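One structure is given below, encoded as structure tokens.
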Amino acid sequence: ESFSDAVFAIVITIMVLEIHIPDNLAFVNDPAALRTFGANFLTYALSFFVIANLWTSHHYLTFTVPMPTRGTIWFNNLLLFCISMIPIATPFLGEFPTSPRAAAAYGFVGAACTGAFMLLRSHARRRSHNPAHREIHFRILRKSAIFLAIYVA
């Protein structure tokens, strides 16, 4: 869990370090630079929310797995790998917010994160001995399928 927390923190740090305020915004009224900065900031904020949601869900999920197995660790590593791709897709979408390719790349990364989390959650559901936890995992998996469809679309 500590390793996962570190990956989440590093991913957010990398994203925020990618945001650069154009120098000319300090002295010149440059609407194009302001739009670019605004798009970069908005995609950062969106990605921060996505990561915060994943981190919160991950924290809850780890409490429902009684004894992590090798499978648990590998499903978790797959999720962390997918999350580590968010800082690649975020500035791409921020720099080119109207580009279909940038939107597709961001959607692909979002779908990969959601799919990997669904695999980890399915595994946790199978490993849990608590019927209430299994039911919660099942309900969340159904809702996650909706988000997966949104990312794919």
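The values are calculated or read from the model by the stated rules, or taken from the named source; none is laboratory data. What you see is a predicted model, and the numbers here were worked out from it, not measured in a lab. Virtual Cβ from ideal backbone geometry, glycine too; neighbours counted across all protein chains shown. Protein only, heavy atoms only, side chains kept; ligands, DNA and RNA dropped before computing areas. Shrake-Rupley method; radii C 1.70, N 1.55, O 1.52, S 1.80 Å.
If you check Arg142 against the conditions, is it basic (Lys, Arg), farther than 18 Å from Ala45 by Cα, within 19 Å of the chain's Cα centre (by Cα) and surrounded by 17 or more Cβ atoms within 10 Å (Cβ to Cβ)? In short, no. For the range 120-149, the tally of residues that are at pLDDT 90 or above and within 22 Å of Ala89 (Cα to Cα) stands at 5. Taking each residue of the range 61-82 that is open to solvent by 50 Å² or more (accessible area, probe 1.4 Å) and looking for partners that are outside any helix (DSSP H, G or I) with beta-carbon atoms closer than 8 Å, six or more apart or interchain, yields Pro66/Ser128; Pro66/His129.
Reported count of residues in the range 8-56, each being open to solvent by 60 Å² or more (accessible area, probe 1.4 Å) and among the β-branched types (Val, Ile, Thr), is 7. Look at the range 112-138: where a residue is more than 16 Å from Trp55 (Cα to Cα) and open to solvent by 60 Å² or more (accessible area, probe 1.4 Å) and a partner is aliphatic (A, V, I, L, M) and at pLDDT below 90, sitting 6+ places away or on another chain with Cβ atoms under 6 Å, you get Arg127/Val65.
Is it the case that Phe63 is over 28 Å from Glu18 (Cβ atoms), hydrophobic (A, V, I, L, M, F, W, C) and more than 15 Å from the chain's Cα centre (by Cα)? Yes: the conditions hold for Phe63.
Among the residues of the range 35-58, those that are touching a residue at least 12 places away in the same chain (Cβ under 8 Å) and over 13 Å from Ile12 (Cβ atoms) comprise Thr36, Phe37, Ala39, Asn40, Phe41, Leu42, Thr43, Ser57, His58. Looking only at residues in the range 83-111 that are open to solvent by 40 Å² or more (accessible area, probe 1.4 Å) and of a type in the set (Gly, Ala, Ser), the one that is nearest to Thr72 (Cα to Cα) is Ser84.
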